[in-house]
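*Asks:* Quick one: the structure is below, and I'll ask about it shortly.
The values are calculated or read from the model by the stated rules, or taken from the named source; none is laboratory data. Given the structure is predicted, the values throughout are model-derived calculations rather than measurements. Note that we place each Cβ from the backbone using ideal geometry, even for glycine, and neighbour counts take in every protein chain shown. The area values use the complete protein model at the heavy-atom level, side chains included, leaving out ligands, DNA and RNA. Shrake-Rupley method; radii C 1.70, N 1.55, O 1.52, S 1.80 Å.
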Amino acid sequence: MAELKILVQGYARIEKNGYQASSATVLVRDNGKIILVDPGCNEARLLSALKKEKVKLQDIDYIFLTHFHLDHILNIRLFPQTTILDVDT
């Protein structure tokens, strides 16, 4: 059975010069594979959450993107060798 965990709680807030936002990031473990859904744009929060789960960047088998807003995709740069999937794949 697949295991799902919210790694990073998404947020959107008004800042002095506009908005700041990052998507929720979900970790999926299933059949020995690790999938990261929407890695977001807050690198520090993502890395901290992965470390807490004892998951290294290279352990991620797939990244799934729900859509292409920057607050959902910016952290894909941390996974240059990982297969990226999206709703059109």
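*Asks:* Of the conditions (1) open to solvent by 50 Å² or more (accessible area, probe 1.4 Å); (2) at negative phi, LEU78 clears all except one; give me its number.
*Replies:* (1)
*Asks:* Which pairs do you get when a residue that is on the phi > 0 side of the Ramachandran plot, found in the stretch 32-51, comes within reach of a residue that is of a type in the set (Asp, Glu) and part of a loop (DSSP other than H, G, I, E, B), reach meaning Cβ atoms under 9 angstrom, with the pair 6+ apart or on two chains?
*Replies:* Partner pairs satisfying both residue conditions: GLY32/ASP61.
*Asks:* Here is a further query. Here is a check on your reading of the model: is ASP88 open to solvent by 30 Å² or more (accessible area, probe 1.4 Å), charged (D, E, K, R) and within 14 Å of LEU4 (Cα to Cα)?
*Replies:* no
*Asks:* Got a sec? Which of LEU70, LEU46 is aliphatic (A, V, I, L, M) and open to solvent by 100 Å² or more (accessible area, probe 1.4 Å)?
*Replies:* Going through LEU70, LEU46 in turn, the sole match is LEU70.
*Asks:* On to the next question. What tally of residues in the stretch 10-37 results from selecting those that are within 16 Å of PHE64 (Cα to Cα) and either surrounded by fewer than 15 Cβ atoms within 10 Å (Cβ to Cβ) or of a type in the set (A, V, I, L, M) (or both)?
*Replies:* 10
*Asks:* Ok, one more. Please verify whether the stretch 5-15 includes one or more residues that are touching a Gly at 6+ places or on another chain (Cβ under 8 Å), under 16 Å from ILE73 (Cβ atoms) and either modelled with pLDDT of 95 or more or part of a strand (DSSP E or B) (or both).
*Replies:* Yes; the residues of the stretch 5-15 include at least one that is touching a Gly at 6+ places or on another chain (Cβ under 8 Å), under 16 Å from ILE73 (Cβ atoms) and either modelled with pLDDT of 95 or more or part of a strand (DSSP E or B) (or both).
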